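K.L.:
I'd like to ask some things about the structure below.
Since every read-out is calculated from the coordinates, none of them should be taken as a lab result. Computed from a prediction, not measured in an experiment: that's the story for all the values here. In this analysis, Cβ positions are derived from the backbone assuming ideal geometry, glycine residues included, and neighbour counts consider all displayed protein chains.
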Amino acid sequence: MANATQNFYELYRNTSIGQSLAETLDNLISSRQIEPQLAMRVMATFDQNVAAVLGDKVKARCTFKGHLDTYRFCDEVWTFIIKDVNFKMEQNHLEKAERVKIVACQSKEKVGA
């Protein structure tokens, strides 16, 4: 069970569901239906649960090839920009993308800790 003081990355807040949740919470705060502190707790719970569900439930794998355009390592976070990417899914399904951004963070559960 996660510690209540444990922090989670806020990577999924920029997804469509994360943005919708933030917008809804902003509307509730504006209409004085909830306090800002509650909205912050809801967003923190969102961060925790999205990370947990994706880590536990998603088992699909894919490989990809492309041209590395940019990479950066800052504050223990890797960011890669890859262009002309070809994805190959497990069932040999192919997808293409013009540009892909990958953000990779170290797991909160450090190996050997």
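K.L.:
Could you calculate the FRET efficiency of residue 96 with residue 60 from 1/(1 + (r/R0)^6), where r is the beta carbon distance between them and R0 is 25 Å, rounded to 0.05? Display every interim value, and only then the final one.
P.N.:
Numbers: r = 18 Å, r/R0 = 0.71.
E between residue 96 and residue 60, to the nearest 0.05, is 0.90.
K.L.:
Please check: in the Gaussian network model of the chain (C-alpha springs, under 10 Å), which one of 101, 59, 88 has the largest mean-square fluctuation.
P.N.:
Largest GNM mean-square fluctuation: 59.
K.L.:
Tell me the mean residue ellipticity at 222 nm calculated for the chain from its helices only (DSSP H runs of n ≥ 4, each -39500 (n - 2.57), averaged over every residue, nearest 500).
P.N.:
One gets -11000 deg cm²/dmol as the mean residue ellipticity at 222 nm.
K.L.:
So how much slack lies between residue 10 and residue 84, counting 0.36 nm per residue of separation and subtracting their Cα-Cα distance, in nm?
P.N.:
On the way: separation 74, 0.36 × 74 = 26.64 nm, distance 2.71 nm.
Gain on stretching residue 10 to residue 84: 23.9 nm.
K.L.:
How would the range 11-57 be classified by its alpha-carbon gyration tensor: rounded, prolate or oblate, with rounded meaning a/c under 1.5 and the a/b versus b/c comparison settling the rest?
P.N.:
prolate
K.L.:
Given q = 0.12, 0.14, 0.15, 0.20 Å⁻¹, what are the Debye log10 I(q)/I(0) values for the chain, with equal point scatterers placed on the Cα positions and solvent ignored?
P.N.:
Ignoring solvent entirely, the Cα scatterers give -0.62, -0.81, -0.90, -1.22.
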